[in-house]
Amino acid sequence: MAAKSANLYARIEPDVKEQAEEILATLGIPASNAINMFYKQIILNRGLPFEVKIPTARPVDISRMNAETLDMELEKGYADMQAGRTKSAAQVFTDIRRDYNVSTTHDLKVMGL
């Protein structure tokens with residue numbers, strides 16, 4: 001007779017675990033069920049159920065800049081604005097979601113965007 005369940009032990013970054021479990025709790029899904037769903041999707045897709053890739057471009061991260069680099073980036077943005085190269089906030093978020101394959105503001109926070 002086959003076992004009804006098997007144990008899985010995995011190391012996960014504490015903040016990733018906490019954020020994921022918070023979302024799962026909101027959805028009413030225990031972590032064990034979510035992991036089971038993930039594994040079933042791997043089987044159905046015969047691979048990961050999402051594309052794994054490194055984004056080709058990253059937004060400017062001001063926390064990693066010195067004052068001079070920040071000033072240069074701000075000047076480029078100001079020049080773009082003066083030249084009429086602007087987008088609405090809605091279009092910016094649409095582009096970010098498309099370019100970085102995210103669907104929610106929470107996803108953007110997780111990615112550090």
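None of the figures in this text is laboratory data; all of them are computed from the coordinates on show. No experiment lies behind these values; they were computed from the predicted model shown. Note: ideal-geometry Cβ built from the backbone for every residue, glycine included; neighbour counts use all protein chains shown.
Could you list the chymotrypsin sites (Phe, Trp or Tyr not before Pro) in segment 1-94 that lie in coil according to DSSP, counting only those with at most 10 other Cβ atoms within 10 Å of their Cβ?
Working: sites: TYR9, PHE38, TYR39, PHE50, TYR78, PHE93; in loops: TYR9, PHE50.
Counting only loop positions with at most 10 other Cβ atoms within 10 Å, the chymotrypsin sites (Phe, Trp or Tyr not before Pro) in segment 1-94 are TYR9, PHE50.
What do you get for trypsin sites (Lys or Arg not before Pro) in segment 7-78 restricted to DSSP loop and a cutoff of at most 13 other Cβ within 10 Å of the site's Cβ?
Values: sites: ARG11, LYS17, LYS40, ARG46, LYS53, ARG64, LYS76; in loops: ARG11, ARG46, LYS53.
Answer in residue order: ARG11, ARG46, LYS53.
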